[in-house]
1. Taking Ser178 and the conditions (1) of a type in the set (Gly, Ala, Ser); (2) part of a loop (DSSP other than H, G, I, E, B); (3) out of contact with any Ser or Thr (no Cβ under 7 Å at 6 or more places or on another chain); (4) over 30 Å from Glu354 (Cα atoms), which numbered condition does it fall short on, given that it satisfies the others?
2. Report, by residue number, each residue of the stretch 250-280 that is away from the ligand (no atom under 15 Å from the Cβ) and of a type outside the set (S, T, N, Q).
3. Return a yes/no flag: does the stretch 62-72 have any residue that is acidic (Asp, Glu), within 29 Å of Ile447 (Cα to Cα) and out of contact with any His (no Cβ under 9 Å at 6 or more places or on another chain).
4. In the stretch 224-263, what count of residues is obtained for those that are under 30 Å from Arg504 (Cα atoms) and surrounded by fewer than 20 Cβ atoms within 10 Å (Cβ to Cβ)?
5. Filtering the stretch 174-190 down to residues that are of a type in the set (A, V, I, L, M) and in contact (Cβ under 8 Å) with a residue 24 or more places away in the chain, which residue is nearest to the ligand (Cβ to nearest atom)?
6. Having 1 or more residues that are among the basic types (Lys, Arg) and at pLDDT 95 or above is the bar; report the strands (runs of 3 or more DSSP E) wholly within the stretch 72-163 that clear it.
7. Which condition breaks for Arg417 when tested against (1) within 23 Å of Cys139 (Cα to Cα); (2) more than 25 Å from the chain's Cα centre (by Cα)?
8. Considering Leu229, Leu209, which residue is more than 28 Å from Arg65 (Cβ to Cβ), touching a strand residue (DSSP E or B) at 6+ places or on another chain (Cβ under 6 Å) and not in a strand (DSSP E or B)?
Amino acid sequence: MASSAIKHIIIVGGGSAGWLTAAMIAAEHQSALASGLQITLIESPDIAPIGVGEGTWPSMRDTLRKIGVSETDFIRECDASFKQGSRFDGWVNGAAEDYYFHPFVLPQGYGEANLVAGWQQQHASVPFADLVSFQPHLCVQGKAPKQASTPEFAAVANYGYHLDAGKFSEFLRKHCISHLGVRHVLDHVVAINSHSNGSGDIASLQTKLHGSLAGDLFVDCSGMQSLLLGQHFGVAFLSQKHVLFNDTALAVQIPYPDENSAIASQTISTAQDSGWIWDIGLPTRRGIGHVYSSTHTTDELAELALRNYIQKNGGPKDITTPRKLSFQPGYRQQFWHRNCVAIGLSAGFIEPLEASALALVELSATMLSEQMPVTRAAMDIAARRFNDAFTYRWERVIDFLKLHYVLTKRTDTDYWRDNCRTESIPERLRELMLLWRQHSPSRYDFIRVEEIFPSASYQYVLYGMGFQTEIPAMRTDKAERAAAYFREAATLADKMLAALPGNRDLIGHIVRHGLHKI
Ligand SMILES: Cc1cc2nc3c(=O)[nH]c(=O)nc-3n(C[C@H](O)[C@H](O)[C@H](O)COP(=O)(O)OP(=O)(O)OC[C@H]3O[C@@H](n4cnc5c(N)ncnc54)[C@H](O)[C@@H]3O)c2cc1C
């Protein structure tokens, strides 16, 4: 068996994770050709995809380009808009002027000059992100990240998307089936058959209507139930509830006041007494949800906070009953076990504070695709490396999300007080925070290839929330270099504000006329 070739991959699950994984492997391994890897995706007609997950990272542009879709089609069919980062409201003390940006663009001249020292010593009264990056200025004015003449997937200002999750799965499904050679089986997996040779590998999946489907490698994209990795193999789930308390969400969709209302350029995340509210603008509606800790509040109070938020922020008085989603924050001890890899919610889920779930799907599908073992003989080595890479990434996601909480000055509820308790803060984060009192986050802190969050992201959050690094007075030449980058960011902001259209204008243009192909 060890020398048997990997020719047929079976993916269980037709949510965003299943279809993205299918598309990425199929495009890379030419599944549309008889000589390519064969891919079958089994999707239960009885279990709908989760249907939430509306924020992506800029990496999604590259993913969509690689799988061969047009950005125009994607924007039209997925009701997509542009996302240039996140704005965090009320996370420090809850006052009206308490907000900061985590934009997608790196600080100007990042790595070439110590911008943190320059900011602290020359411009401490200006918000950090506003000084070092042009992008917050575009966000404030609801600007698009490109012009109508900018080709598909190219950017003037780095961007990801906001999208309709249900439409996105549907869009990917159509593309996978009609262009990439993925076989789609609409059926329910009822049992998992192991190899008769006693290896423990999965041999086939038993379905209700299509009998047993045999494969060489199985990808578990079955959502939170983790059918193959969790239920069949019993791979342990590592709960992170002691670090990140949120385990419930109430989600609604609301209309805009009118069809010309501005579309926000960023996700808005507003702190609440026992959680936070996301606010995402699509072209046709807003998606709003309250993520909270069921240990710290009740569903009734959480819904009340959601309704209050909507009323205060331009929404209608009456909303539909919010949809409740419960989740266990955490991830699996391993993601690849024997001939089974879990991608998406089956691998784990942590609150969507920085919209990292789809980015992890993209990274997982990329590594699986690019490091695909040719035979079973190399699979355990590939699995070990995959597990090492993703355990590290999950730990970094948790550190980074927790950072948003530990920097708060809020002490008004148990939720915020508990979030700052030392025992709830991962040890590596505690250590880094000590270090960052003396040195600002840098490449020395995050040394792996494709770090999930770069040191620049830590800088945006730390200094956006008022963290102080004790940096000695700068040498004159270094201070001048930092000042030059601040001027450059300001000049770019002015130029772009003058040249870029509003989000709604550009999306309207794309819907009517499309973008140029690259
Ligand atoms: C409240 C909330 C907000 C979120 N916001 C974001 C965000 O802003 N950004 C982001 O990146 N992510 C976000 N996420 C995460 C995101 O929704 C998921 O990562 C993404 O949708 C992928 O889900 P999935 O495909 O793994 O699972 P699902 O969508 O649950 O799909 C599971 C699939 O498995 C199939 N299946 C299950 N059992 C069987 C069976 N026995 N036989 C056959 N098929 C089966 C089902 O039919 C379904 O097709 C959010 C999640 C939540 C809960």
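The values are calculated or read from the model by the stated rules, or taken from the named source; none is laboratory data. Source: prediction; values computed, not measured. Heads up, the Cβs are rebuilt from the backbone with ideal geometry, glycines too, and the neighbour counts pull from every protein chain shown.
1. Unmet for Ser178, out of (1) of a type in the set (Gly, Ala, Ser); (2) part of a loop (DSSP other than H, G, I, E, B); (3) out of contact with any Ser or Thr (no Cβ under 7 Å at 6 or more places or on another chain); (4) over 30 Å from Glu354 (Cα atoms): (2).
2. Ile254, Pro255, Tyr256, Pro257, Asp258, Glu259, Ala262, Ile263, Ala271, Asp273
3. Quick first cut of the stretch 62-72, residues acidic (Asp, Glu) only: 62, 71.
With within 29 Å of Ile447 (Cα to Cα) added as a condition, the list becomes 62.
So of that shortlist, the ones also out of contact with any His (no Cβ under 9 Å at 6 or more places or on another chain) come out as 62.
Yes: one or more hits.
4. Residues of the stretch 224-263 that are under 30 Å from Arg504 (Cα atoms), as a first pass: 249-263.
From what's left, surrounded by fewer than 20 Cβ atoms within 10 Å (Cβ to Cβ): 251, 253-262.
Selection size over the stretch 224-263: 11.
5. Residues of the stretch 174-190 that are of a type in the set (A, V, I, L, M), as a first pass: 177, 180, 182, 185-186, 189-190.
Checking which are in contact (Cβ under 8 Å) with a residue 24 or more places away in the chain leaves us with 180, 182, 185-186, 189.
Numbers: Leu180: 17, Val182: 14, Val185: 9, Leu186: 9, Val189: 4 Å.
That would be Val189.
6. On the way: elements: 81-83, 85-89, 99-103, 160-162.
Here the list reads 81-83, 85-89.
7. (1)
8. On the way: Leu209 fails: touching a strand residue (DSSP E or B) at 6+ places or on another chain (Cβ under 6 Å).
None of the other options fit; the residue is Leu229.
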